[in-house]
Ligand code: F6P
């Protein structure tokens, strides 16, 4: 093992830099040369990279975003993309590639492995926490903390005006950011895909619950945390619907990309460091085609083909809500 490449791909997540740092430092300890591909798979295809040294990664542990930049690469979804990526890796003379990203990025890794003999290891980096094979993804807890900070502020104005607030958080198709931020901020309600089997029934129950809460505690505010893409209605449309059915002022706050930025919280820095070191140890053991994660505080190894969370997310998330005794209606 002489030369290793790192790339960050998909939505950037706080803690990606901490992972780049850990991978680089651990690899240099083993006398492996490290290069950082700039701009995700796009940069790989155009062979754009920098040398990563102790000096480059010094002082990046607390930086948000990714010093290597990121992208969503259309070409990697086309037939020829993975083959071109394999050729680029050969041209760059690397023996191993470490990809920090989400399950879409890992599908790219699998596709490259159909054409390339080197080792590829994945490190889960996404705020969504929507990856199977790890209890947490790098960036998730920072995004939750950011959302909680915002919801706390929204609560102040909601209280002052006795208003109903819909706060939309990110998560793509997964409700984990919504669940954890709602619980931590004491929100009254959560809306996420995983708990909706019939949308109109769900909305009727929501209105009923709201109306009884409004009658029972006329002086309180009501905060609903909704995961993006949960309903066929936009947050604004939901707000109109609730105003009509509850006769109460309803306001919307979409937190959006705020959740992707900022300095990573300690738990994301620690997770990123742990997984970065594990990624190099995995490369050294000549293992390939897996994502390193952490399950029950142990390092876990999940084949790329099994990192998609879609099939298991319902149960994991509902168990979480049940454990917390959170209102599921
Ligand atoms: O996967 C991270 C994420 O921020 C999701 O929560 C969100 O749905 C998506 O990326 C936004 O993607 P883009 O940056 O391409 O707009």
Considering only region 74-88, I want to know if a residue exists there that is closer than 30 Å to residue 30 by Cα, out of contact with any helix residue (DSSP H, G or I) (no Cβ under 6 Å at 6 or more places or on another chain) and modelled with pLDDT of 95 or more. yes
Against the definition (loosely packed, with under 14 Cβ neighbours inside 10 Å and more than 16 Å from the ligand (Cβ to nearest atom)), how does residue 216 come out, yes or no? yes
The number of residues in region 209-231 that are more than 31 Å from the chain's Cα centre (by Cα) and free of Cβ contacts under 8 Å to residues at least 60 places away in the same chain is 9
Within the group 238, 271, 258, 275, which residue is more than 16 Å from the ligand (Cβ to nearest atom), in contact with a helix residue (DSSP H, G or I) (Cβ under 9 Å, 6 or more places away or on another chain), more than 30 Å from residue 300 (Cβ to Cβ) and assigned to a helix (DSSP H, G or I)? 238
Lone qualifier among 221, 232 - being more than 16 Å from the ligand (Cβ to nearest atom) and at pLDDT below 95: 221
Wholly inside region 75-189, strands (runs of 3 or more DSSP E) that include 3 or more residues that are away from the ligand (no atom under 16 Å from the Cβ) and farther than 21 Å from residue 256 by Cα are 96-101, 119-124
Of the residues that make up region 139-148, is at least one touching a residue at least 60 places away in the same chain (Cβ under 8 Å), under 23 Å from the mean Cα position of the chain (by Cα) and surrounded by fewer than 19 Cβ atoms within 10 Å (Cβ to Cβ)? no
Just a yes or no: is a residue in region 191-204 within 16 Å of the ligand (Cβ to nearest atom) and either surrounded by fewer than 18 Cβ atoms within 10 Å (Cβ to Cβ) or assigned to a helix (DSSP H, G or I) (or both)? yes
If you check 45, 68, 83, which single one turns out to be over 30 Å from residue 266 (Cβ atoms) and buried (at least 16 other Cβ atoms within 10 Å of the Cβ)? 45
When you go through 283, 252 one by one, which is the residue that is surrounded by 14 or more Cβ atoms within 10 Å (Cβ to Cβ), within 30 Å of residue 7 (Cβ to Cβ) and more than 16 Å from the ligand (Cβ to nearest atom)? 283
Can you find a residue in region 25-35 that is within 16 Å of the ligand (Cβ to nearest atom) and either closer than 16 Å to residue 273 by Cβ or surrounded by fewer than 24 Cβ atoms within 10 Å (Cβ to Cβ) (or both)? no
Scope region 259-269; condition over 13 Å from the mean Cα position of the chain (by Cα), at negative phi and surrounded by 14 or more Cβ atoms within 10 Å (Cβ to Cβ); matching residues: 263, 265, 267, 269
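The values are calculated or read from the model by the stated rules, or taken from the named source; none is laboratory data. Model, not experiment: these values are computed from the prediction. Neighbour counts run over all protein chains shown; Cβ positions are idealised from the backbone, glycine included.
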